[in-house]
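The values are calculated or read from the model by the stated rules, or taken from the named source; none is laboratory data. Quick caveat, the model's predicted, so the values are computed rather than measured. For neighbour counting, all protein chains shown are included, and Cβ atoms are generated from backbone atoms with ideal geometry for every residue, glycine included. Ligands, DNA and RNA are stripped out before the accessible areas are found, and what is left, the full protein with its side chains, is counted by its heavy atoms. Shrake-Rupley method; radii C 1.70, N 1.55, O 1.52, S 1.80 Å.
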Amino acid sequence: MIKENVAGFADMIVEKRKVKEAFFKQIDTIINWKQIDKEIKKYYRKGQSVDGRPSYSGLVLFKICLLQTWYCLSDYEVEEQVNDRISFSRFVGISMDDKSPDHSVMSRFRTSMTNKKAYNKLLKMINKQLEEKQIIVKTGLLVDASVTDTPRKPKGKKEYEIVEDRKEEEGVEVSSISLQELPKRGVDGDAKWLKKGGKLHYGYKQHVGTDENGMIRVVITTAANESDIKHLEDVIEAVDDFDHRAWIKADKGYQCATNDQVIKTKKMRNHIMHKALKKKPLTKYEKLFNRLVSKIRYRVERSFGSMRRWFGGGRARYVGIEKMHTQHLMEAIAHNLYRAPAIAVSIRVK
């Protein structure tokens, strides 16, 4: 009984733990930062600060972004924490004599990397290193989607502006006009409404593909009202390498003839759960098939839940679909690195 209580307490501590200095050392052992630094330099070159001193390298700024994601910190908060915590400054590579980059530097770095679509490449590169250590496997893909809500949603009555279908030319009467909803100040115009489970959401959707352990291999960001079923092919296309005869596992919401054909064309095994139709209930075999798939498929949902618990995922920090894609990618990178040491240990034990 005492052993069970101790085990339960240990599980609770692990669940609530924050990233510690020992974790940073483990990550430095797993990841070759020189390769990451070389990749970042393709998109971000340090110059000179306002007072003439050399600016911070892109790798330093990227590591600060990781700390920001792991600890759910704002640009202001992460600046303060890197200055105050020795473990943070050591991890990012800043000496005790130097100050942390201020919030404006972090914002400019994130914007520059977002505009150049660099975070997609960084996720692939980090995942490649994890694959080499067998922390990520390529036997198949678990696919699902999750909503990220934004607080910058429309409130009150809708306002409209009159939009002409074409400009009025001299002597030519305008053929027609249409009404277009007028974006209000403080509202994220790229986000959209979605009703899910009887609840309204305003925001974005991340379509994710993970390996069999729930390690995230690909992220695609759309407005919340985009259908999951239409983006299965996009998720598959974004993963450019699979083991021979890899499988695709997804819930019944992805079941359609188009997706079946896509999977067949890719020569992958179709493990999308069966869906009962009107006057055509599931057979005994189909029910068994669904149960077997669900025993593995839930791991992608667990990844969404983990990001929500650990990093405050599911809430939009930025405005616009491009920056929200950056948020989703950074959460994926942070998630994979956060889990990597434990998976590496389990591999050695086996």
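Worth pointing out:
- Counted residue by residue at 0.36 nm each, then reduced by the alpha carbon distance between them, the extension gain from residue 96 to residue 319 reaches 76.9 nm.
- Expressed as a whole percent, the accessible surface of region 93-156 that belongs to carbon and sulfur atoms is 50, based on a 1.4 Å probe.
- Given charges at Cβ of Lys, Arg, Asp, Glu: region 76-160 dipole, positive-most of 123, 143, 113: 143
- For region 196-291, a crude dipole built from +1 on the beta carbon of Lys and Arg and -1 on the beta carbon of Asp and Glu, taken about the Cα centre, is about 820 debye to the nearest 20.
- Annotation: amide H-H contacts under 5 Å for residue 246 (H modelled 1.01 Å from N, sequence separation of 5 or more, or interchain): 269.
- Eligible lysines near residue 124 by straight Cα distance, threshold 20 Å, same-chain separation 8 or greater: 34, 38, 41, 42, 63, 116, 133, 138, 323
- Per-residue extension of 0.36 nm, minus the Cα-Cα distance of residue 241 and residue 147, leaves a gain of 31.2 nm for this segment.
- Protection proxy ranking, highest mean first, for peptides 275-283, 291-299: 291-299, 275-283, where packing is the per-residue count of other beta-carbon atoms within 10 Å, averaged.
- Stokes-Einstein diffusion for region 186-322, with the hydrodynamic radius set to the Kirkwood value over Cα pairs and evaluated at 10 °C in a medium of 1.306 mPa s, equals 96 µm²/s.
- Spin-label pair residue 252/residue 342, simplified geometry with 7 Å Cα→Cβ offset, distance in nm: 3.1 nm
- Relative intensity, log₁₀ I(q)/I(0), of region 188-233 from a Debye sum that treats every alpha carbon as a point, q = 0.22, 0.23, 0.32 Å⁻¹: -0.81, -0.85, -1.10
- The Cα center of region 267-321 and the Cα center of region 229-253 differ in position by 12 Å.
- Dipole magnitude for region 236-330: about 680 debye, using +1 per Lys or Arg Cβ and -1 per Asp or Glu Cβ, origin at the Cα centre.
- For residue 218, distant residues with modelled amide H under 5 Å away: 209
- Only Lys, Arg, Asp and Glu carry charge here, each on its Cβ (+1 for the first two, -1 for the last two); on that basis region 63-162 has a dipole of about 520 debye about its Cα centre.
- Simple spin-label estimate for residue 264 and residue 309 in nanometres, 7 Å along Cα-Cβ: 4.1 nm
- Residue list for region 114-151, given a label point 7 angstrom along the Cα-to-Cβ vector of residue 34 and an amide N cut-off under 20 Å: 122, 125-133
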